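Quick notes on the structure that follows.
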Amino acid sequence: MKTLVAVLLLSAAFLQAAPADSVSTAKLEVEAIRSTAPITIDGVLSEPIWQNGSGISQFTQRDPNEGAPPTQKTIVHLAYDDEAIYIGARLFDSAPDSIIARLGRRDANLTSDMFGFFIDPYYDRRSGFYFLLNAAGTMYDGILYNDEWDDDSWDGVWEGKVKIDDQGWSAEMRIPYSQLRFKKKNKLVWGINFRRDIARKNERAYLVFTPKNGSGFVSRFVDLVGIENISPPRRIEILPYVTTKAEYTQHAPGNPFNDGSKYLPGTGADLKVGIGSNLTLDATVNPDFGQVEVDPAVVNLGDVETYFSEKRPFFIEGSTIFTFGQGGSRSNWGFNWASPTFFYTRRIGRAPQGGVPSADFADAPLGTSILGATKLTGKVGNNWNVGMLHALTAREHAELGLKQNSRRWRSEVEPLTYYGITRVQKEIKEGRQGIGFISTLAARRFDDDRLRDEINSSAFAGGIDGWTFLDGNKTWVITGWAGMSHVRGNETRLAALQTNSRHYFQRPDAGHVHVDPSATSLTGYAGRVLLNKQKGNVIFNSALGFVDPKFDINDMGFLFRTDVINGHIGGGYKWTKPGKVTRYAELLGAVFGSRDFDGNMIWMGVWQNGYFEFLNYYNFNYSFAYNPETVSNNRTRGGPLTLNRPGWEVNFFVNSDSRKTWVFGLGTFGYSRGPKNWDRGLDASVEWKPGANLSISAGPTLWWNRNFAQYVTAINDSLATATFGSRYIFAELKQTELAANIRLNWTFTPRLSLQFYAQPLISSGDYNSYKELARARSYDFNAYAAGDRSDDFNFKSLRGNAVLRWEYSPGSTLYFVWTQSRSDYENFGNFRFNRSVGRLGDTRPDNIFLIKASYWWGL
């Protein structure tokens with residue numbers, strides 16, 4: 001760590017020597033013309049305002065030949081009236097029959113000709129919105145933030161149409177002011193940019209582009225002038241909905257709570273209200289937070305929680321406002337860094353945490369009902385970004401019953417809970433500095449005191465973050481954050497918290513932590529500082545961070561490990577100009593290490609990575625790492641330290657040209673610590689595009705894991721003095737796993753699509769050669785004569801769904817959803833593909849059918 005600090009200081013001493021990226025400083029202006037006649041959005045530029053000769057055509061290539069003129073001409077016009085801004089684009093093409101026009105659902109990742117409009121209505125040079133149309137009419141939209149990052153979770157209500165003709169194609173957009181956020185002024189100045197993609201040439205051109213060795217996107221936008229005498233509109237949107245759901249599930253004979261079928265109607269509404277010109281309030285009553293896409297099945301043999309991505313629209317949309325600790329820098333490297341996520345939205349509506357009492361029959365909810373939720377986002381004062389979310393989840397009960405006397409009763413499994421988060425951030429001097437704050441709170445009200453032993457009564461977390469550029473060219477940036485957490489509960493609950501997998505305070509050879517059986521609160525701290533080089537062909541990134549052993553944010557956030565001081569020094573070089581073999585190449589490397597607060601080196605290593613894009617648009621990526629011997633403070637899951645043997649990691653991946661009808665990817669990955677201690681796998685992908693509106697893809701992964709010391713259990717034994725009075729039992733594990741993601745996307749129109757998604761999984765584990773740890777701080781074991789093999793497993797799962805989505809009117813949607821899941825378990829460890837497929841096919845599935853209709857009103 002001393003070396004890391006020295007390098008950080010040395011790097012800072014040479015900051016002024018970093019060159020600026022080469023980009024023209026000539027300032028362009030684009031003028032919007034007021035329209036006095038209606039504009040019909042049909043993709044045909046027939047209106048007189050599109051014929052005024054004042055179009056913009058000064059595009060420049062970024063790809064494939066940076067700085068070159070585009071191969072095809074583009075002319076863009078802008079107009080406005082009292083309600084909306086309009087964009088008309090003529091995209092000339094000398095070979096109209098070669099235009100690639102692939103139709104997909106909204107925001108689908110397609111290789112297609114495309115036109116895009118980017119706008120910074122706040123004029124803060126850091127954030128904005130984007131709206132794109134491809135040549136088939138597929139719509140794309142989202143938000144821009146941190147100068148060059150984007151997020152497609154936001155879906156605006158706007159219109160866009162395209163038309164292909166003998167001159168190429170044309171695009172029209174109408175974007176209501178209600179979808180933008182801007183200050184009221186007589187004369188408005190906004191930042192804008194345009195983009196055109198010609199897919200068959202892999203060409204991308206902008207009005208103003210970011211060089212491949214540069215940084216910053218929104219800060220480069222040209223000025224849009226000419227918009228006068230308009231006012232931010234009253235922004236009120238109401239989205240009522242109705243649902244009906246039918247569930248047909250497996251059930252035990254005689255179960256009084258489940259006869260195999262349930263019918264669940266529902267209704268609710270979402271409300272969006274503009275507060276002034278810069279704030280938006282989102283509220284939902286009796287929300288429908290069901291997921292359209294199912295979570296994957298996993299076999300988790302580790303000691304930490306599996307992280308699942310958020311898929312519920314209410315929580316996805318605008319979630320970037322709650323991003324903490326990453327502002328300023330365009331790159332945030334990490335090596336074995338347990339980066340804390342202060343707000344993990346899956347905590348809201350989670351599965352009930354309380355235990356279910358013993359009974360013959362039990363019916364517990366799969367998720368916690370959300371009674372209501374609100375979000376407030378936008379800007380206040382002198383350029384402060386603000387985001388707040390409040391949610392209230394219901395008290396949940398399990399229905400219990402006995403066979404013998406038909407007794408039935410209810411037991412609380414989740415208390416009434418409030419979740420709240422507040423996030424503010426201020427950008428200074430056009431983003432040269434920034435400062436922000438975050439706070440989260442989870443507070444619970446129990447009816448059943450039994451749950452006080454199982455769930456925290458309250459949890460608070462707070463933090464401050466910021467960044468500053470160190471030179472006038474914005475080449476070097478330091479970004480950092482510091483946070484604290486405070487959890488409260490009764491003595492039983494806090495004792496369990498101190499001994500769980502995030503903390504392991506019970507470790508017998510740890511000199512810096514111990515379990516406090518009388519504790520009713522836990523307070524911890526964390527922080528990180530990072531130095532990044534933003535521009536140029538030379539790459540540099542280094543960081544130093546820590547997570548205190550008592551830090552805990554998992555009531556509202558996500559953190560899988562504490563008690564770590566972590567740092568790295570990394571760098572590399574990138575070649576951005578096409579050569580004889582490659583169009584782009586980069587080589588990266590880093591050294592890294594982690595210690596716990598007792599000074600033990602728990603991980604360290606060196607890493608090297610290479611990426612190459614070839615002239616034929618294939619790409620190849622590799623990486624390898626070496627980890628010398630360190631110690632593990634979690635292998636015994638609360639027991640003494642053990643050794644980590646030295647290990648090697650090697651990965652290779654290659655992908656074909658995404659423009660083709662068939663697209664392939666193939667990779668291999670592996671890690672080895674010796675003959676009986678390795679894992680390796682094969683990762684493949686294939687996509688077939690038989691038509692412009694149809695794609696079928698599959699991504700199978702085959703993984704072999706040979707773990708010489710897989711944890712099994714711990715047994716107290718006062719005679720085991722070499723391991724502090726407990727015997728830590730391990731086994732050799734031979735695990736084989738086959739999984740896949742299978743997708744079909746069939747799009748009939750830009751607003752009508754069918755999606756099919758399936759996730760098969762077969763995983764087997766063979767436990768053998770049982771043994772116990774011989775002594776602390778070693779990797780030596782005393783072998784047992786035999787094991788009972790009861791830990792062996794063979795798990796099969798198939799999850800999938802089909803979704804028909806029809807946006808029958810802008811913002812108004814009709815869904816038909818079918819979800820099916822089936823699984824099977826056997827107590828043997830051999831991988832038998834044919835047997836597993838047969839049993840999975842014979843297993844009775846759970847089926848859920850859902851219809852949801854919503855209607856959007858804009859007032």
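The values are calculated or read from the model by the stated rules, or taken from the named source; none is laboratory data. Worth saying up front: this structure is predicted, and the values here are computed from it rather than measured. Using ideal geometry, Cβ is built from the backbone for each residue, glycine included, and neighbour counts are taken over all protein chains shown. Please note that ligands, DNA and RNA were not included when accessible areas were found on the heavy atoms of the full protein model with its side chains. Shrake-Rupley method; radii C 1.70, N 1.55, O 1.52, S 1.80 Å.
Show me, for region 430-441, the HN-Hα J-couplings you get by feeding each phi into the Karplus relation (A = 6.51, B = -1.76, C = 1.60, θ = phi - 60°), rounded to Hz, glycine and proline as x.
Going residue by residue, I get 6, x, 5, 9, x, 9, x, 9, 9, 8, 10, 8 Hz, with x marking Gly and Pro.
Looking at this model, which pairs from Lys426/Lys533; Lys375/Lys429; Lys201/Lys580; Lys676/Lys796; Lys212/Lys474 are more than 20 angstrom apart at the alpha-carbon? Walk me through the numbers before you get to the answer.
Values: Lys426/Lys533 22 Å; Lys375/Lys429 28 Å; Lys201/Lys580 18 Å; Lys676/Lys796 26 Å; Lys212/Lys474 15 Å.
Violating the 20 Å limit, Cα to Cα: Lys426/Lys533; Lys375/Lys429; Lys676/Lys796.
Let me check against my output: what whole-number percent is the relative contact order of the chain, with C-alpha pairs under 8 Å and at least 6 apart?
Details: 2325 pairs, mean separation 80.0, N = 859.
Computed over the chain, the figure is 9 percent.
Would you compute, from DSSP H runs of 4+ residues alone, the mean residue ellipticity of the chain at 222 nm, taking -39500 (n - 2.57) per run and dividing by the full residue count, rounded to the nearest 500?
Values: 4 runs with 34 residues, N = 859.
Computed ellipticity for the chain at 222 nm equals -1000 deg cm²/dmol.
For the chain, with the dipole built from +1 on Lys and Arg beta-carbon atoms and -1 on Asp and Glu ones, taken about the Cα centre, which of Trp856, Leu180, Leu531 lies farthest toward the positive end?
Working it through, the farthest residue towards the positive pole turns out to be Leu531.
How big is the charge dipole of the chain about its Cα centre, in debye rounded to the nearest 20, if each Lys and Arg gets +1 on its Cβ and each Asp and Glu gets -1 on its Cβ? Show your work: numbers first, answer last.
Numbers: 94 positive and 89 negative charges, 178 e Å.
In total the dipole reaches around 860 debye.
Over region 780-823, what percent of the accessible surface lies on carbon and sulfur atoms, probe 1.4 Å?
On the way: 1160 of 2130 Å².
On region 780-823, the fraction of accessible area on carbon and sulfur atoms equals 55 percent.
Region 561-627 to region 151-218: how many Å between their Cα centroids?
If we compute the Cα centre of each part, the gap is 34 Å.
Among the lysines, which have Cα under 16 Å from the Cα of Lys311 when same-chain residues fewer than 8 positions away are ignored?
Answer for Lys311, where 16 Å is the Cα cut-off: none of the lysines qualify.
What order do you get for 609-622, 201-214 when each peptide is scored by the mean count of other beta carbon atoms within 10 Å, highest first?
Per-residue Cβ counts within 10 Å, averaged per peptide and sorted highest first, yield 201-214, 609-622.
Give the calculated FRET efficiency between Val356 and Asn827 to the nearest 0.05, with a Förster radius of 30 Å applied to their Cβ-Cβ distance.
Once the sixth-power term is evaluated, E becomes 0.80.
Just to confirm my numbers, what's the Cα centroid distance between region 775-797 and region 37-58 in Å?
Comparing the Cα centres of region 775-797 and region 37-58, I get a distance of 72 Å.
Could you tell me which residue out of Ser836, Trp337, Ala758 lies farthest along the dipole of the chain toward its positive end? Charges go on the beta carbon: Lys and Arg +1, Asp and Glu -1, centred on the Cα centre.
Of Ser836, Trp337, Ala758, it is Trp337.
Determine ³J(HN,Hα), in whole Hz, for all residues of region 128-137 in sequence, where each value follows from phi through the Karplus function 6.51 cos²θ - 1.76 cosθ + 1.60 and θ = phi - 60°; x replaces Gly and Pro.
Listing the rounded values in order: x, 9, 9, 9, 9, 10, 9, 5, 9, x Hz.
Leaving out ligands, DNA and RNA but keeping every protein chain, what accessible area does Tyr573 have, in Å² rounded to the nearest 10, with a 1.4 Å probe?
90
By how many degrees, between 0 and 90 and to the nearest 10, does the Cα long axis of helix 2-13 differ from the longest principal axis of the chain?
Compared with the principal axis, the helix lies near 10 degrees.
Expressed as an acute angle from 0 to 90° and rounded to the nearest 10, what is the orientation of the C-alpha long axis of helix 833-842 relative to the principal long axis of the chain?
Once rounded, the angle reads 80 degrees.
What is the local net charge at Pro646, summed over the other residues whose Cβ is closer than 10 Å to its Cβ (Lys, Arg +1; Asp, Glu -1)?
+1
From Cα pairs below 8 angstrom and at least 6 apart in sequence, can you work out the relative contact order of region 277-426, rounded to a whole percent? Working shown, then result.
Details: 241 pairs, mean separation 37.2, N = 150.
Result for region 277-426 is 25 percent.
List the lysines whose alpha-carbon lies under 17 Å from that of Lys163, not counting same-chain residues fewer than 8 positions away?
Within the straight-line limit of under 17 Å, Lys163 reaches these lysines: Lys73.
Based on alpha-carbon centroids, what's the gap between region 397-448 and region 486-541 in Å, whole number please?
About 21 Å separates the Cα centre of region 397-448 from the one of region 486-541.
Starting from the 7 Å offset along Cα-to-Cβ, what nm value, one decimal, do you get for the label separation of Ala740 and Met601?
For the pair Ala740/Met601, the computed spacing is 4.5 nm.
Accessible area per residue, 1.4 Å probe, Å², for the chain: what's the number?
On the way: 37120 Å² over 859 residues.
Accessible surface, normalised per residue, equals 43 Å².
Amide H of Leu641: which non-local residues (sequence gap of 5 or more, or other chain) have their own amide H closer than 5 Å, using H built in the peptide plane?
Asp509, Arg777
Only Cα pairs under 8 Å and at least 6 apart count here; give the relative contact order of region 624-783 as a rounded whole percent. Could the numbers behind the result be given before it?
Values: 385 pairs, mean separation 28.1, N = 160.
Over region 624-783, the number comes to 18 percent.
Counting only other residues whose beta carbon sits under 11 Å from that of Arg346, what net charge do I get with K and R as +1, D and E as -1? List each step's numbers first, then the result.
On the way: positive: Lys311, Arg312, Arg347, Arg350; negative: Asp295, Glu305, Glu310.
Within the 11 Å Cβ shell, the charges total +1.
Under a Cβ-Cβ cut-off of 9 Å, what is the net charge of the residues other than Leu279 that fall near it, where Lys and Arg count +1 and Asp and Glu count -1? Provide the component values of the computation, followed by the final result.
Values: positive: Arg181, Lys379; negative: none.
Around Leu279, the surrounding residues sum to +2.
Suppose every K and R has +1 on its Cβ and every D and E has -1 on its Cβ; what is the size of the dipole of region 462-605 about the Cα centre, in Debye to the nearest 20?
On the way: 15 positive and 12 negative charges, 195 e Å.
Taking the Cα centre of region 462-605 as origin, the dipole is about 940 debye.
Tabulate in residue order the Karplus-calculated ³J(HN,Hα) for region 491-503, using 6.51 cos²θ - 1.76 cosθ + 1.60 with θ = phi - 60°, rounded to whole Hz; enter x for Gly and Pro.
Going residue by residue, I get 4, 5, 5, 5, 5, 5, 5, 5, 9, 7, 5, 7, 10 Hz, with x marking Gly and Pro.
For the peptides 396-409, 330-343, 88-101, what is the packing order when you average, over each peptide's residues, the other Cβ atoms within 10 Å and list the highest mean first? Walk me through the intermediate numbers first.
On the way: 396-409: 14.2, 330-343: 19.5, 88-101: 17.1.
Going from most to least packed, we get 330-343, 88-101, 396-409.
State the answer as a single residue: which of Val477, Gln498, Leu392 lies farthest towards the positive end of the charge dipole of region 392-514, with beta carbon charges of +1 for Lys and Arg and -1 for Asp and Glu, about the Cα centre.
Farthest towards the positive end: Leu392.
Go ahead and run the numbers for FRET between Arg775 and Asp303, Cβ-Cβ distance against an R0 of 35 Å, rounding to 0.05.
0.95
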